[in-house]
Amino acid sequence: MILVDQETCVGCGACVDACPFAAIEMADELPVIGHACTLCGACVDACPSAALKLDGPVREQRGGQEAWRGVMIFAEFRHGRLAPVSLELLGAGRHLANTLGVPLSAALLGADAPEFQAAKQSLIHHGADTVYAAADPDLAHFSEENYTRILTAIIRRYQPEIVLAGATAIGRSFIPAVATHLGAGLTADCTDLDIRQEDRALLQTRPAFGGNIMATIVCPDMRPQMATVRPKVMRELPLDESRQGEIVAFTVEKDLLSARGRVVESVVAEADQVNIQEAEILVAGGRGLDDPKGFQLLRQLAEVMSGKVAASRAAVDAGWIPYPHQVGQTGKTVAPKLYIACGISGAIQHVAGMQSSETIVAINRDPHAPIFEVADYGLVGDLYEIVPKLIAQISERRGK
Ligand SMILES: Cc1cc2nc3c(=O)[nH]c(=O)nc-3n(C[C@H](O)[C@H](O)[C@H](O)COP(=O)(O)OP(=O)(O)OC[C@H]3O[C@@H](n4cnc5c(N)ncnc54)[C@H](O)[C@@H]3O)c2cc1C
């Protein structure tokens, strides 16, 4: 919080002008800090009489930035395997660490098992210099409370200047709590990360205002600088089995594992098994299908091409297909070799999730549909005429 020393304050209002969030008002010649305050500290710096002070973890960290060095990623490990985004984070983290001239580490939490051991090696083979491994039976299942406490403890101990995590269901659920415990900022859903050379600041770029602008966010005062990154946005490094690294066991203090909730069992839901992010060919349907039965046709096309079916949000919102199939800003980011968009207009929020596809084919009866601006091949016409012909041609060529 911001503390106001009433004796020292001269009531000049410099803090009101300095606040980028319009969170301060003057009342009886004293500043009143409102709910919009983000603890950025601009008012503290602007106060000519040093009457404002940052209290809490923010204050503790100010001025001690040089103690924080290195880049750390949170390695998501579930159901005996690393989430692919963890390896993608290592790719992004390696670039940042090389630019800063610091080591790259990975924090791995789970229960000790052969798969957990293999995950440590895999992290090193994909770019980590050090793996901090916290193994305990109570970490076998993800629990927000336990994971928050352990990751916070690892970060406090090793003090990386940058922490990256996947913007997955798990990352989104507990990384904000870690940032809060550390008094750090957090930029969610970044699509680009870089370093500002002059002050080592992490430049965190993400879509804002419904994807209409790209905002680059900097956390100048606090360490670590924390960001989540969506799966399939960054590229993982090629596997290098000759890479050597250090594995450090992080001793889990039992009093950190006192979660009020207890996870009894964790099962993979059927819907989760639809991993459109790993498919090389995706056939996506939108509102232009006009009927849930349209997906039966798209499934046939996907089948003859050994691909999977994806969808726009309009199709998901209509209840034609479950959410795990959704591509876009509030769905999944995909980068298949081939993306066939059928009856999808190409709204910016959809394109944000598929524009990295190697080849994009769009089928739409509106020749002015925005999807054609990102498509490599455009077929103007009724999808119910075009798709059956594609199925027939491809089946014939493949001998099916
Ligand atoms: C904050 C926010 C987040 C969002 N997140 C997402 C997201 O993650 N993913 C997403 O997809 N959207 C998202 N949206 C919604 C997005 O703005 C669009 O509304 C949505 O993508 C439209 O889906 P659509 O292209 O299927 O439908 P429409 O825009 O209605 O397009 C249907 C298209 O089908 C064509 N068509 C109709 N009949 C036929 C036919 N027989 N043959 C061929 N073509 C035909 C039409 O010409 C039209 O171009 C988001 C919106 C907001 C505000």
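The values are calculated or read from the model by the stated rules, or taken from the named source; none is laboratory data. Predicted model, so just to flag it, every value in this text is computed and none were measured. Positions of Cβ are backbone-derived with ideal geometry, glycine not excepted, and every protein chain shown enters the neighbour counts.
When the range 196-210 is limited to residues that are without any contact (Cβ under 8 Å) to a residue 40 or more places away in the chain and of a type in the set (A, V, I, L, M), the one that is surrounded by the fewest Cβ atoms within 10 Å (Cβ to Cβ) turns out to be Ala208. Selection of the range 265-294 for residues being surrounded by 13 or more Cβ atoms within 10 Å (Cβ to Cβ) and assigned to a helix (DSSP H, G or I) yields Ile276, Gln277, Arg287, Gly288, Leu289, Gly294. When Leu202 is tested against the conditions (1) more than 15 Å from the ligand (Cβ to nearest atom); (2) farther than 21 Å from Thr38 by Cβ, the lone failure is (2). Would you call Gly127 touching a residue at least 60 places away in the same chain (Cβ under 8 Å), in contact with a Lys or Arg (Cβ under 7 Å, 6 or more places away or on another chain) and either more than 21 Å from Val248 (Cα to Cα) or surrounded by 24 or more Cβ atoms within 10 Å (Cβ to Cβ) (or both)? Yes. Within the range 139-195, being of a type in the set (Asp, Glu) and either in a loop (DSSP other than H, G, I, E, B) or buried (at least 22 other Cβ atoms within 10 Å of the Cβ) (or both) holds for one residue alone: Glu161.
Residues are listed down the side, and each one gets a yes or a no for (1) crowded, with 21+ Cβ neighbours inside 10 Å; (2) farther than 21 Å from Pro231 by Cα:
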position: Lys337; (1), (2): no, no
position: Ile340; (1), (2): yes, no
position: Ile344; (1), (2): yes, yes
position: Gln349; (1), (2): no, no
position: Val361; (1), (2): no, yes
position: Asn364; (1), (2): yes, yes
position: Pro367; (1), (2): no, yes
position: Val380; (1), (2): no, yes
position: Tyr384; (1), (2): no, yes
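Which of the residues belonging to the range 223-264 are surrounded by 12 or more Cβ atoms within 10 Å (Cβ to Cβ), modelled with pLDDT under 85 and among the charged types (D, E, K, R)? Matches in the range 223-264: Lys232 only.
When the criteria are applied in full, Val380 fails the requirement of being touching a residue at least 40 places away in the same chain (Cβ under 8 Å), within 22 Å of Gln296 (Cα to Cα) and more than 34 Å from the chain's Cα centre (by Cα). Here are Ala83, Ala97, Ala111: which of them is surrounded by 23 or more Cβ atoms within 10 Å (Cβ to Cβ) and touching a strand residue (DSSP E or B) at 6+ places or on another chain (Cβ under 9 Å)? From the options Ala83, Ala97, Ala111, the qualifying one is Ala97. If you go through the range 160-189 and pick out every residue that is modelled with pLDDT of 95 or more and on the phi > 0 side of the Ramachandran plot, you end up with 0. Only a single item in (1) aliphatic (A, V, I, L, M); (2) closer than 19 Å to Thr359 by Cα; (3) more than 16 Å from the ligand (Cβ to nearest atom) is not met by Ala249, and it is number (2). Given the condition over 15 Å from Gly166 (Cα atoms) and either touching a helix residue (DSSP H, G or I) at 6+ places or on another chain (Cβ under 7 Å) or buried (at least 16 other Cβ atoms within 10 Å of the Cβ) (or both), answer yes or no: does some residue in the range 69-77 qualify? For the range 69-77, residues over 15 Å from Gly166 (Cα atoms) and either touching a helix residue (DSSP H, G or I) at 6+ places or on another chain (Cβ under 7 Å) or buried (at least 16 other Cβ atoms within 10 Å of the Cβ) (or both): present.
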